[in-house]
1. For region 150-160, give me each residue that is exposed (fewer than 10 other Cβ atoms within 10 Å of the Cβ) and assigned to a helix (DSSP H, G or I).
2. Within region 109-149, can you find the residues that are assigned to a loop (DSSP other than H, G, I, E, B) and closer than 16 Å to G159 by Cα?
3. Please give the number of the condition A48 fails out of (1) at pLDDT 90 or above; (2) in a loop (DSSP other than H, G, I, E, B); (3) of a type in the set (A, V, I, L, M, F, W, C).
4. Kindly indicate whether any position in region 73-87 is under 30 Å from N3 (Cα atoms), in a helix (DSSP H, G or I), hydroxyl-bearing (S, T, Y) and at pLDDT below 90.
5. Do you know which residues across region 88-119 are surrounded by 11 or more Cβ atoms within 10 Å (Cβ to Cβ) and at pLDDT below 55?
6. Test K122 against the criterion of being modelled with pLDDT of 85 or more and either among the acidic types (D, E) or touching an Asp or Glu at 6+ places or on another chain (Cβ under 8 Å) (or both), and give yes or no.
Amino acid sequence: MPNQDQFLQEITALKTKPVKELKAKFQKLFGEEKAVPENKAILVKKIAYKLQEMKYGELSPAAKEKTATLIKKYDPVNNKAVRPGKASQGDTGRVSAHRDSRLPIPGSIITKVYKGKKLEVKVLEKGFEYKGKTYRSLSGIAKDITGNGWNGFLFFGVGK
């Protein structure tokens with residue numbers, strides 16, 4: 001079994017491997033029945049996790065349960081109860097009309113790489129901030145960036 005430094009190097013080296021090699025390693029680790037992801041980043045993450053799991057063991061059932069509980073309670077992106085404009089438990093279940101449920105919570109940063117440049121948009125309580133300018137919609141930002149009319153949610157990959 002490799003020592004700690006060798007193991008870390010093996011995990012780190014996954015990022016530089018070609019997708020074809022990563023797919024073969026994935027199939028070796030997970031078996032033929034499991035669908036092989038096409039996305040390189042996902043392949044690297046799943047392989048790295050599996051290698052760590054094999055070396056150190058799986059999370060205990062108690063740790064898995066605690067993780068699921070924390071995600072359910074505190075995950076602001078997926079937990080509608082903690083998002084602004086959402087009804088909390090015990091409310092009527094209606095969503096505030098002023099905030100789109102597809103958006104992350106205010107203060108979140110939406111990132112996208114476009115034509116080799118990393119774009120960062122900050123989600124505000126009402127609107128968005130891009131390069132120091134405030135916009136009412138993601139579509140307005142997308143139009144300024146591309147020069148064409150875009151659906152902002154589609155351009156930035158939000159709310160999938």
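1. Within region 150-160, none qualify.
2. Within region 109-149, just S137 meets the criteria.
3. (2)
4. If we filter region 73-87 for residues that are under 30 Å from N3 (Cα atoms), which is where we start, we get none.
For region 73-87, residues under 30 Å from N3 (Cα atoms), in a helix (DSSP H, G or I), hydroxyl-bearing (S, T, Y) and at pLDDT below 90: absent.
5. V95, S96
6. yes
The values are calculated or read from the model by the stated rules, or taken from the named source; none is laboratory data. These numbers were taken from a predicted model, which means no experiment stands behind them. Neighbour counts run over all protein chains shown; Cβ positions are idealised from the backbone, glycine included.
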